[in-house]
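The values are calculated or read from the model by the stated rules, or taken from the named source; none is laboratory data. If you're wondering where the values come from, they're calculated on a predicted model, not measured in any experiment. All Cβ positions, even for glycine, are placed from backbone atoms using ideal geometry, and neighbour counts span all protein chains on display. Only protein heavy atoms, including side chains, enter the accessible area calculation; ligands, DNA and RNA are left aside. Shrake-Rupley method; radii C 1.70, N 1.55, O 1.52, S 1.80 Å.
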Amino acid sequence: MTELSRIRNFSIVAHIDHGKSTLADRLIQLTGTVAERDMKEQLLDAMDIERERGITIKANTVRIDYPARDGHTYVLNLIDTPGHVDFSYEVSRSMRAVEGSLLVVDATQGVEAQTLANVYQAIDADHEIVPVLNKIDLPAADVDRVAEQIEDVIGIDASDAVQISAKTGMGIPEVLEAIVTRLPPPHGGTRDAPLKAMLVDSKYDSYLGVVVIVRVIDGVLKKGQRIRMMRTGGTYDVDRVGVYRPAMTSVDELGPGEIGFLTASIKQVRDTRVGDTTTTEKKGCEAPLPGFKPSIPVVFCGLFPVDSSQFEDLRDAIEKLALNDASFSYEMETSAALGFGFRCGFLGLLHLEVIRDRIEREYDIELITTAPSVVYHVFMKDGSFRELHNPADMPDLTHVEHIEEPRIKATIMVPDEFLGDVLKLCQDRRGIQLDMTYAGSRAMVVYDLPLNEVVFDFYDRLKSVTKGYASFDYQIIGYRQDNLVKMQVLVNDEPVDALSTMVHRDRAEQRGRAMCEKLKDLIPRHMFKIPIQAAIGGKVIARETLSALRKDVTAKCYGGDATRKRKLLDKQKAGKKKMRQFGKVEIPQEAFISALKMDG
Amino acid sequence: MPEDWETGGFGLYIHWPFCQAKCPYCDFNSHVSPQVDHARWQRAYLAELDRVGAETQGRVLSTVYFGGGTPSLMAPETVNAILERVRRLWPVSNSLEVTLEANPGSVEAGRFAGYHAAGVNRISMGIQALNNHDLQRLGRIHSVEEARAAFDIARGVFDRVSFDLIYARQNQSLADWQSELREALSMAVDHLSLYQLTIEEGTAFGDRYARGGLRGLPDDDLSADMYQVTQEVCAQAGFEGYEVSNYSRPGEESRHNLIYWRYGDYAGIGPGAHGRLTLGGQRHATESWRNPARWLDAVDAGNGESLRDPVSCADQAVECLLMGLRLVEGVDAERVKRLSGQNLSTESVAHLQDLGLLDPGFARIRTTPKGRMLLNSVIAELLGD
């Protein structure tokens with residue numbers, strides 16, 4: 001139990017590559033929290049995918065003992081929060097668990113869109129914010145300009161920003177000192193009050209079961225207590241209480257203001273919802289902490305095994321991942337084109353990619369991913385309402401009163417030389433401009449966009465038109481009615497369900513034509529000609545014809561080497577396995593995604 | 001009840017693995033060797049003939065085929081000794097066909113009389129092109145003039161003469177090929193093998209192609225047009241395209257190759273030679289050691305074969321179709337059923353017939369001219385899982 005005045009809880013807000021992980025590594029290193037020989041890059045990112053992509057998916061925490069210049073030793077608790085918009089709710093809970101933030105900005109780059117979203121979360125949580133300018137050792141660093149930008153764009157005083165190079169270690173002692181002198185200790189907190197702790201995040205460990213990260217607000221958490229999760233209602237006996245240094249280290253108890261972990265033989269991550277309140281089963285606190293909300297998937301797509309015999313393996317993989325990820329939903333789906341698979345719901349595109357990568361890597365299942373779709377609200381003429389997760393399930397239009405789609409507020413920061421292209425891209429995606437401001441040579445544009453125009457390849461397109469210099473963030477702002485229709489694709493006169501999409505009526509012809517042209521290139525020629533059509537209802541709006549293959553014969557007969565001919569046939573058959581049979585037409589797997597990508 | 005192979009008959013293939021130079025498109029088992037011990041090779045062939053002869057005693061042999069490599073580099077004495085031994089080992093048909101592949105050079109032509117005296121009655125010449133520029137590109141060491149001279153000599157010596165041309169070459173236009181083909185047909189030839197240039201992995205052309213070389217090869221449409229023109233021009237000259245790449249005057253078909261295509265039995269002797277032999281009621285695939293020195297050693301030790309595997313009934317049916325559908329005459333559906341124990345998918349056959357790729361009717365599976373051009377796809381459909 002540490003005295004409140006000797007505790008500092010903080011997070012680090014930064015854009016990808018601006019040096020968050022490196023700074024965290026340096027803080028841990030300089031305070032001797034980890035022995036030199038155990039040091040490795042990105043200490044706090046545990047998953048391969050996190051390390052590889054330089055992103056944080058799960059919140060992590062580390063406790064650092066820091067002997068400050070005032071002669072006292074302080075306990076610093078760093079929560080490393082996920083940085084991505086997909087996990088903005090998780091970020092908001094992590095922010096509520098600490099009192100201050102370090103805002104790390106790359107002095108050669110300046111403020112990026114993602115930094116903004118997270119810094120606003122910190123401001124919402126009433127944080128004290130210490131600006132930190134990183135990479136000042138690089139020749140391209142422009143400290144004055146970036147400090148000015150922080151003041152202009154974010155509106156916080158950057159005159160006494162700490163200047164560092166996380167890479168060389170320069171300025172790190174000043175950061176530690178600033179944490180102690182400029183960030184506040186935890187507010188209030190009574191040791192004698194009933195236990196009240198916020199569930200910050202949780203993860204599954206195959207030896208320990210679910211490990212829960214908590215921030216104690218009031219009371220004391222210790223081993224042997226019977227605790228209750230106030231929102232989910234589960235009760236558990238606490239097996240172990242501890243802190244991360246960053247290795248798991250047991251402690252006797254966690255008191256007010258402290259951050260650490262507990263294990264309590266909890267079997268599923270699903271039972272430990274981020275933002276829930278942990279209290280004791282008996283004599284618990286009266287009301288849970290405010291702000292809890294269950295996470296709701298916003299992007300859906302179909303996952304199908306390439307090899308249909310792996311369906312059961314896929315089910316197993318998905319069930320296991322879902323145990324460890326409450327925000328990921330799934331239900332079985334049958335597609336005429338792709339066979340058996342699952343319709344899965346995700347918090348966003350990154351979340352989708354992470355889950356897909358994990359299934360492919362950790363479970364070794366090759367997947368076909370159908371084009372992501374958003375959740376539409378379909379209002380029926382009979383007054384009923386339904387949520388549409390899959391365009392293939394779109395009811396007959398004659399019974400539909402109207403359809404609403406999710407809209408987002410997108411913030412894009414871009415060097416002004418690319419501004420025109422970005423505006424065109426947003427305009428093309430049915431965007432409505434809300435704001436445009438300049439900070440130096442960079443523009444910040446804010447657009448109201450339909451989420452379905454963004455879920456697919458918007459980010460790829462944005463990166464390509466700005467040569468990677470734009471940053472992008474978004475938040476969902478609600479649902480709005482629009483003239484939306486389901487567009488079907490017919491290959492050889494048969495509808496291919498996995499290629500159905502919802503489109504805006506005004507864009508349907510253009511999208512339909514583009515899709516038909518793409519498919520014409522993606523589908524190999526067959527023995528017969530194949531019409532490829534896009535249709536709304538029964539009406540064909542675009543059509544291409546893939547001409548028949550004319551010649552496909554091996555000239556030489558290789559004498560009496562019949563074995564060789566048989567091997568060639570087997571090779572041909574193996575090539576076909578990479579295709580999906582649809583009626584008499586074979587469609588390559590990549591077509592299901594590539595056909596939907598919009599170029600320009 | 002007769003055994004399945006009897007539908008196709010019985011032939012003998014002899015592989016001579018040496019060439020003067022390796023052609024850049026060729027992926028057959030051929031080697032360039034400055035010194036060949038002809039006496040040792042002769043002994044080895046005779047030993048192998050004795051071995052296979054003992055296993056297939058009493059069969060009537062219809063054809064012998066000397067392939068390679070360049071068998072026209074063989075000493076006529078070797079060919080003579082082999083054919084003498086053949087006649088001792090098997091009863092031969094009255095119309096025994098003995099073919100030898102020959103390079104159309106002047107040196108080879110000098111040996112033609114000797115081959116004829118040994119019993120060779122059909123010659124197949126690798127002329128490949130009738131213009132010198134393309135011959136050079138194909139890596140051939142002879143000229144058009146030499147080839148024509150060799151052809152004239154062959155024509156005077158042998159009853160039957162065939163030659164090969166390779167078309168769909170780099171920068172070859174439809175009109176170029178048409179006139180070259182007419183020229184070939186105007187020569188007193190009775191059989192032509194007309195192959196579209198195929199880029200094979202593991203050849204010099206294959207490597208060059210993989211590196212982005214070999215520009216100017218025809219696209220799919222041009223090569224389809226070239227193939228069609230070939231059928232037409234040959235038909236006008238009285239040559240029937242009886243197999244995908246083979247054309248002849250009536251009755252002049254390669255009887256040896258027909259044994260392959262009709263899925264008969266054939267013994268393969270020499271480095272890398274393949275065979276199909278039905279022994280004790282079971283059809284076997286045989287292969288000999290590919291490396292010439294390795295093969296010689298194996299023969300000295302008693303057996304040149306590197307592999308002898310039974311071919312399953314299902315694979316036999318597949319092979320019968322793969323080979324047989326190359327022929328205009330097609331395949332007897334009953335025979336395929338007897339081999340595999342099941343009918344071909346009626347649905348697939350009907351689909352291919354609807355597309356105009358197979359002739360109507362279910363008794364014989366036979367491609368239409370359009371279907372023959374798509375044979376790989378047709379077979380994939382017929383044998384699809």
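A few notes on this one:
- Relative contact order [Cα under 8 Å, 6+ residues apart], the range B:254-385, whole percent: 17
- Between the residues A:64, B:320, B:49, the greatest Cα displacement towards the positive end of the dipole of the protein assembly as shown, with unit charges on the Cβ of Lys, Arg, Asp and Glu, is found for B:49.
- Residue B:320 accessible area, assembled protein chains, probe 1.4 Å, Å²: 0
- Rounded to the nearest 20, the Cβ-based charge dipole of chain A about its Cα centre (Lys and Arg +1, Asp and Glu -1) stands at 2320 debye.
- Overall, the anisotropy analysis places the range A:4-182 in the rounded class: the square-rooted eigenvalues a ≥ b ≥ c of its C-alpha gyration tensor yield a/c less than 1.5.
- Cross-link partners of residue A:203 among lysines (Cα-Cα below 24 Å; sequence separation of 8 or more within a chain): A:20, A:40, A:58, A:222, A:223, A:267, A:293, A:320
- Largest accessible area first, the listed residues B:111, B:372, B:215 line up as B:215, B:111, B:372 when surface is computed with a 1.4 Å probe on the assembled protein chains.
- When all alpha carbon pairs of chain B are counted in 10 Å bins from zero, the resulting P(r) reads 5, 22, 31, 28, 13, 1 %.
- Only alpha carbons enter this Debye calculation for the protein assembly as shown, each as an equal point scatterer, and the log10 of I(q)/I(0) it gives at q = 0.10 Å⁻¹ is -1.08.
- With a cut-off of 9 Å between beta carbons, the residues surrounding residue A:63 carry a summed charge of -1, where Lys and Arg count +1 and Asp and Glu -1.
- Relative to the Cα centre, the charge distribution of the range A:407-479, modelled as +1 at Lys and Arg Cβ and -1 at Asp and Glu Cβ, gives a dipole magnitude of about 60 debye.
- Amide hydrogen neighbours beyond the local backbone of residue B:306, cut-off 5 Å, H modeled: B:287, B:288, B:289
- Longest DSSP-loop-exposure-free segment, GluC sites (Glu not before Pro), chain A, at most 14 other Cβ within 10 Å: A:42-280
- Rolling a 1.4 Å probe over the protein chains gives residue A:293 an accessible area of about 110 Å².
- Three-way shape label, the range B:1-70, alpha-carbon gyration tensor, a/c 1.5: oblate
- Contact surface A-B: accessible area buried, both sides summed, square angstrom, 1.4 angstrom probe: 3400
- Estimated at the nearest 10 Å², the accessible area of residue B:377 is 20 Å² with a 1.4 Å probe.
- Residues whose amide H lies under 5 Å from that of residue A:542, counting only those 5 or more places away or on a different chain, are A:534; hydrogens are built 1.01 Å from N in the peptide plane.
- Accessible area of the range A:486-598 belonging to carbon and sulfur atoms, whole % at 1.4 Å probe: 49
- Residue-by-residue Karplus 3J(HN,Hα) for the range B:126-137, coefficients 6.51, -1.76, 1.60, Hz, glycine and proline x: x, 6, 6, 7, 10, 9, 5, 4, 5, 4, 5, 4
- As a fraction of the 1.4 Å probe accessible area of the range B:314-385, surface on carbon and sulfur atoms comes out at 49 percent.
- Size descriptors for the range B:7-154, from the alpha-carbon set: Rg then Dmax equal 16.0, 50 Å.
- Anisotropy class of the range A:196-280 from Cα gyration tensor, a/c 1.5 cut: rounded
- The mean sequence separation of alpha-carbon pairs under 8 Å and at least six residues apart, normalised by the residue count of the range A:394-482, gives a relative contact order of 46 percent.
- Rg over Rh for the range A:231-373 works out to 1.07, using Cα positions for both radii and the Kirkwood form for Rh.
- Accessible area per residue, Å², chain A with all protein chains present, probe 1.4 Å: 41
- Computed over chain B: relative contact order in percent, which uses C-alpha pairs under 8 Å that are six or more apart: 16
- Phi-derived couplings, Karplus 6.51 cos²θ - 1.76 cosθ + 1.60 at θ = phi - 60°, listed residue by residue for the range A:16-24: 3, 6, 8, x, 4, 5, 5, 4, 4 Hz, with x used for Gly and Pro.
- Helical mean residue ellipticity (222 nm; -39500 (n - 2.57) per DSSP H run of 4+; nearest 500) of the protein assembly as shown: -9000 deg cm²/dmol
- Which of B:36, B:346, B:70, positive extreme of dipole for chain B (C-beta unit charges): B:36
- Per-residue ³J(HN,Hα) for the range A:380-387, Karplus 6.51 cos²θ - 1.76 cosθ + 1.60, θ = phi - 60°, Hz, x for Gly and Pro: 8, 5, 7, x, 7, 9, 9, 9
- Built amide H within the under 5 Å cut-off of residue B:245, gap 5+: none
- Looking at the range B:4-260, the accessible area is 39 square angstrom per residue; that uses a 1.4 Å probe and ignores ligands, DNA and RNA.
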